[in-house]
1. What chymotrypsin sites (Phe, Trp or Tyr not before Pro) does segment 18-61 have in DSSP loop regions with at most 12 other beta carbons within 10 Å?
2. How far is it, in nm, from the label point at residue 60 to the one at residue 24 when both lie 7 Å from their Cα along the line to the Cβ?
3. Once label points are set 7 Å from the Cα along Cα→Cβ at both residue 74 and residue 116, what is their separation, rounded to one decimal in nm?
4. Using a basic spin-label model with each label point 7 Å from the Cα along Cα→Cβ, how many nm lie between residue 52 and residue 170?
5. Multiply the residue separation of residue 156 and residue 5 by 0.36 nm, subtract the distance between their alpha-carbon atoms, and state the gained length in nm to one decimal.
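No value in this document is a laboratory result; all are computed from the given coordinates. The shown structure was predicted, so the numbers you read here are calculated from the model rather than taken from an experiment. Note: ideal-geometry Cβ built from the backbone for every residue, glycine included; neighbour counts use all protein chains shown.
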Amino acid sequence: MRIMVKKAISIFFITQVLIISTYFYSSSMFANIEVAFLSAFLVIAGASLAYKKMVDSQLRSKSFEEKRDILDEIEDPHELYDDKVNDEVREGTLGYVEINEANADELDLKTIVKEEKAKIKTFSVKSMKYGARGTVSLYRIAPYIFLILSFIALKNNELLDLRFYLPSLALGIVVGSIISKKSLS
């Protein structure tokens, strides 16, 4: 983990040295590249960090459902061929009522429906709190505020040059993705 963070920091500083070298060519070009790079980098890094914190909090609260593999869902959407479910049905530990073996008069359908409804997880305020925490996180909002204010500052000071600004956004996205992948994994 420590080595990955060192690599991430070194990637960031190498990129910054290259960006600072553009100052010797033109200060306007440097301002556009630096502001765009930092804006995009902070947006990607902030979103990654907010997502990681949200996942960690959901793992701690155990408010997630274990999902099956996508191919399993396509091939067997109703889990008809799932060995675990079939074994539990045979052993009687799954909790299903054996309708085929019971008489129609003995079945209490209202009770069965109530039991099945109780098993379904509903949307609650507690689960919403964990999801909203990652969406409305300061890690996500602050970079967007920086992006907007820095763009306005460049435009108001008549320094904005989209020839340098837009490619630098792409550079910030790429570096932010690489660093997020290295440091948050």
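1. Numbers: sites: 23, 24, 25, 30, 37, 41, 51; in loops: 25.
Listed in order of number, the matching sites are 25.
2. In this crude label model, residue 60 to residue 24 measures out at 4.8 nm.
3. 2.8
4. According to this spin-label approximation, the distance is 2.7 nm.
5. 50.7 nm
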